[in-house]
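Taking it in order: structure first as structure tokens, then the write-up.
The values are calculated or read from the model by the stated rules, or taken from the named source; none is laboratory data. Note that the coordinates shown come from a computational prediction; the quantities given were computed from them, not determined experimentally. Quick reminder, even Gly has a Cβ in these numbers, built from the backbone with ideal geometry, and neighbours come from all protein chains shown.
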Amino acid sequence: MGENVIYTVGHSNGSFEHLYTLLKQHSITAVADVRSQPRSRHPQFDQDALAKSLRKSGVHYVFLGNELGARVTDASLYRDGKVQYELVAKTDNFRAGIERILKGMETQTIALLCAEKEPLACHRAILIGRHLRSRGLVVRHILHTGSFEDHDLSLVRLVQQLGISERHLFQSPNEIIAAAYALQAERIAFSPKPTSRPA
């Protein structure tokens, strides 16, 4: 609060206690669940159970999966069967979700919650984090070790992982970052499983 910092965290397959420890360590007072489908193979992270546990622990819970989730239902936001983050980010729904986050930050220290442990494998970094960062916010990804990684450092790691700088010698740093976002979005974006057709 007062500092333009937003956190993200992935619950992965750990315990609620571990998640709560991570939140407490970073003084998180509110969790914004950005999973499109807030269900889990791990029942402690199903929406109702998670919300109840967080509130019991003194942490506010809000579901923003309809606004900021990656598994959108609008067919116009898909190309070749895969959701396009660039199109999602231009929707009124997504923008409304971002505004709710910004408003909430006036009174709460917020963590965006999704399932993936690795932020670079999740839309919370590649879609939401990108646009919060472009608004001047400091975005910090809480890691399962308890430390955090600034979004800018995550991007350096992403560029290195993808080997982009070697392939784009004549592009500006901003162009290299944009290329990294685009490549990673293509790798992780949601694609509905094809329905089986009768023979």
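Filter the stretch 1-12 down to the residues that are in contact (Cβ under 8 Å) with a residue 24 or more places away in the chain and not aliphatic (A, V, I, L, M), then identify the one that is farthest from residue 139 (Cα to Cα). Selected residue: 12. Here residue 48 meets each of (1) of a type in the set (D, E, K, R); (2) within 26 Å of residue 178 (Cα to Cα); (3) without any contact (Cβ under 8 Å) to a residue 40 or more places away in the chain; (4) assigned to a helix (DSSP H, G or I) with one exception, condition (2).
Please work out which residue is surrounded by the most Cβ atoms within 10 Å (Cβ to Cβ), limiting yourself to the stretch 110-152 and to residues that are of a type in the set (Asp, Glu) and assigned to a loop (DSSP other than H, G, I, E, B). Among them, the one singled out is 116.
Condition check ((1) within 18 Å of the chain's Cα centre (by Cα); (2) of a type in the set (A, V, I, L, M)) across all residues:
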| site | (1), (2) |
| --- | --- |
| 16 | no, no |
| 22 | yes, yes |
| 29 | yes, no |
| 39 | yes, no |
| 43 | no, no |
| 47 | yes, no |
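The C-beta contact set for the stretch 13-29 (first residue within 19 Å of residue 47 (Cα to Cα), second residue surrounded by 12 or more Cβ atoms within 10 Å (Cβ to Cβ) and small (Gly, Ala, Ser), distance under 7 angstrom, 6+ apart or interchain) comprises 16/53; 20/57; 23/111; 28/111. No other residue among 140, 100, 79, 95 is under 13 Å from the mean Cα position of the chain (by Cα), among the basic types (Lys, Arg) and at negative phi apart from 140. Taken over the stretch 28-56, the criterion of being in contact with a Cys (Cβ under 9 Å, 6 or more places away or on another chain) and either modelled with pLDDT under 95 or basic (Lys, Arg) (or both) is satisfied by 35 alone.
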